[in-house]
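S.K.: To start, I am sharing the structure in question, which I have written as structure tokens.
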Amino acid sequence: GDDASDKQYKSIVSFDTSSLPDAATVTAATLKLNGATLLGTNPHRTHGSCYVDVKTGFFGAQALENSDFEAAATVSQAATLSSLAANGDWSTGSLNSAGCAAIHKTGYTQMRVYFSLDDNDDAGADYLGYYPGESATYPPTLEVTYTLVTGTPTDPTMHPPRLANIEIFVSDSP
């Protein structure tokens, strides 16, 4: 959304995706964010689509920086988040195939969340905030489904799809 000066807000979430097996092929991934704050007019109604950019690694340094706001993404608009009607609702978005391919199997994957319209020129704060990774109840979650192929290139063995729930704090359950 935007603030009272009509400056755009963007959110960045980081996931340690290094627990994915090196031989994994990510076949699906869904970002889930829980709404903690809704102020002013719901930006889902006034600011257009809520997009997710994916970065293999970090948008800048590991720590959040002002330059992360406009840093190049590995994949832009890799997902569109569903609308939040009220605080406590989940907003979800499934990554497209390019977004799935950008998930870093040996490090971190960052995602930047923002609305397509940077502000609505109403000189009022209209934004929603999501629960942070420190939330014990509603942390951002990246659900990853992957397949494993083992063996030689001439004799591959396909393993059934597995689901890995990767949260902002390392949590992986195959």
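The values are calculated or read from the model by the stated rules, or taken from the named source; none is laboratory data. A quick note: this is a predicted structure, and the numbers were derived from the prediction, not measured. For neighbour counting, all protein chains shown are included, and Cβ atoms are generated from backbone atoms with ideal geometry for every residue, glycine included. Areas reflect the complete protein model, heavy atoms only, side chains present, ligands, DNA and RNA absent. Shrake-Rupley method; radii C 1.70, N 1.55, O 1.52, S 1.80 Å.
S.K.: Can you find a residue in region 127-140 that is over 22 Å from residue 49 (Cα atoms), out of contact with any strand residue (DSSP E or B) (no Cβ under 8 Å at 6 or more places or on another chain), at pLDDT 90 or above and open to solvent by 60 Å² or more (accessible area, probe 1.4 Å)?
M.R.: no
S.K.: Failed condition for residue 117, given (1) of a type outside the set (Gly, Ala, Ser); (2) in a loop (DSSP other than H, G, I, E, B); (3) at pLDDT 90 or above, with all others met?
M.R.: (3)
S.K.: Further question on the same structure: Is there any pair linking a residue in region 57-70 that is farther than 16 Å from residue 10 by Cβ and open to solvent by less than 50 Å² (accessible area, probe 1.4 Å) to one that is modelled with pLDDT under 80 and of a type in the set (A, V, I, L, M), with Cβ under 7 Å and at least six apart or on different chains, and which?
M.R.: Final answer for the pair search is none.
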